[in-house]
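The values are calculated or read from the model by the stated rules, or taken from the named source; none is laboratory data. Small disclaimer: the values here were computed from a predicted structure and weren't measured. Here Cβ is always computed from backbone atoms with ideal geometry, including for glycine, and neighbour counts include all displayed protein chains.
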Amino acid sequence: MWNEHNQLLQSQLAPDEHLLWFGQPRGGFVLRASDVYVIPFSLLWGGFAIFWETAALMADAPTISKLFGLPFVGVGLYLIFGRFILDAKQRSKTCHGVTNERVIIISLLFGKKIKSLDLRTLSEISLDENSDGSGTIAFGSLRGHQRFGAREFPGRGQQYIPAFEMIPNAKSVYETVRSAQRKQLEPSGA
């Protein structure tokens, strides 16, 4: 997969553009700060929906009552298990690149989605680094609850702001982006 992502990034480059760094988010199961709130809610939602549906199926209830709870059970199961599976799959199908001109984020989960941000127009770049050196680089300003690790459900589109999420050696990549940005902003001939 690593070579496929490198080739995919290389295919997006202009003739005079060159790749300075590429990588992927950390794979596998990940708990986020927002899960402190989402996990209890998902267990309550899912538990109640399963209880409701079980009671409707065991009772001599009309068919409509038996079918009514199924979407709620589906949402509950997604909240409890499915969102973690979809999030891991989304990260495994994502690659990031930094070139001498821009940052590129490619997602292959539901078709091919390419996000390209010109280094000259990036006004805010932030680094959120963990103790192990991994972290997230966000390209834009963090709004409201995002600062606390909340994000949209996976599969619902882009995150609130483009980011290199859960990458190893985040500070080194951050410095690569900042250095490339400084070179882009230097006056011609300097």
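Out of R91, R83, which single residue is in contact with a helix residue (DSSP H, G or I) (Cβ under 9 Å, 6 or more places away or on another chain), basic (K, R) and at pLDDT 90 or above?
Within the list R91, R83, the selection yields R83.
Under 9 Å between Cβ atoms, which residue pairs at least 6 apart in sequence (or on different chains) link something in segment 112-123 that is among the acidic types (D, E) with a partner that is modelled with pLDDT of 90 or more and surrounded by 14 or more Cβ atoms within 10 Å (Cβ to Cβ)?
Going by the 9 Å Cβ cut-off, the qualifying pairs are D118/E101; D118/R102; D118/V103.
For residues that are under 21 Å from F41 (Cα atoms) and not in a helix (DSSP H, G or I), tally how many sit in segment 54-82.
Residues in segment 54-82 being under 21 Å from F41 (Cα atoms) and not in a helix (DSSP H, G or I): 1 in total.
A quick yes/no check of all residues on (1) surrounded by fewer than 12 Cβ atoms within 10 Å (Cβ to Cβ); (2) among the small types (G, A, S); (3) modelled with pLDDT of 90 or more:
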{"residue": "Q10", "(1), (2), (3)": "no, no, no"}
{"residue": "L20", "(1), (2), (3)": "no, no, yes"}
{"residue": "P25", "(1), (2), (3)": "no, no, yes"}
{"residue": "Y37", "(1), (2), (3)": "no, no, yes"}
{"residue": "W52", "(1), (2), (3)": "no, no, yes"}
{"residue": "A55", "(1), (2), (3)": "no, yes, yes"}
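Any residue in segment 40-58 that's not assigned by TED's automatic domain parsing to the domain that holds P71: show its pairings with residues that are at pLDDT 95 or above and polar (S, T, N, Q) at Cβ separation under 7 Å, as long as the two are six or more apart or on different chains.
Qualifying pairs under 7 Å: none.
For the condition surrounded by fewer than 14 Cβ atoms within 10 Å (Cβ to Cβ), at pLDDT 95 or above and at negative phi, what is the one hit in S172, S123?
After applying the criteria, what remains is S172.
Just to be sure I understand, how many residues within segment 69-124 are assigned by TED's automatic domain parsing to the domain that holds S179 and over 30 Å from Q7 (Cβ atoms)?
2
With respect to I85, is the statement that it is more than 30 Å from R182 (Cβ to Cβ) and either surrounded by 15 or more Cβ atoms within 10 Å (Cβ to Cβ) or of a type in the set (A, V, I, L, M) (or both) true?
Judged against the criteria, I85 is a match.
Of the conditions (1) under 15 Å from the mean Cα position of the chain (by Cα); (2) assigned by TED's automatic domain parsing to the domain that holds K171; (3) more than 28 Å from L185 (Cβ to Cβ), D132 fails just one. Which one is it?
Just one mismatch for D132, condition (1).
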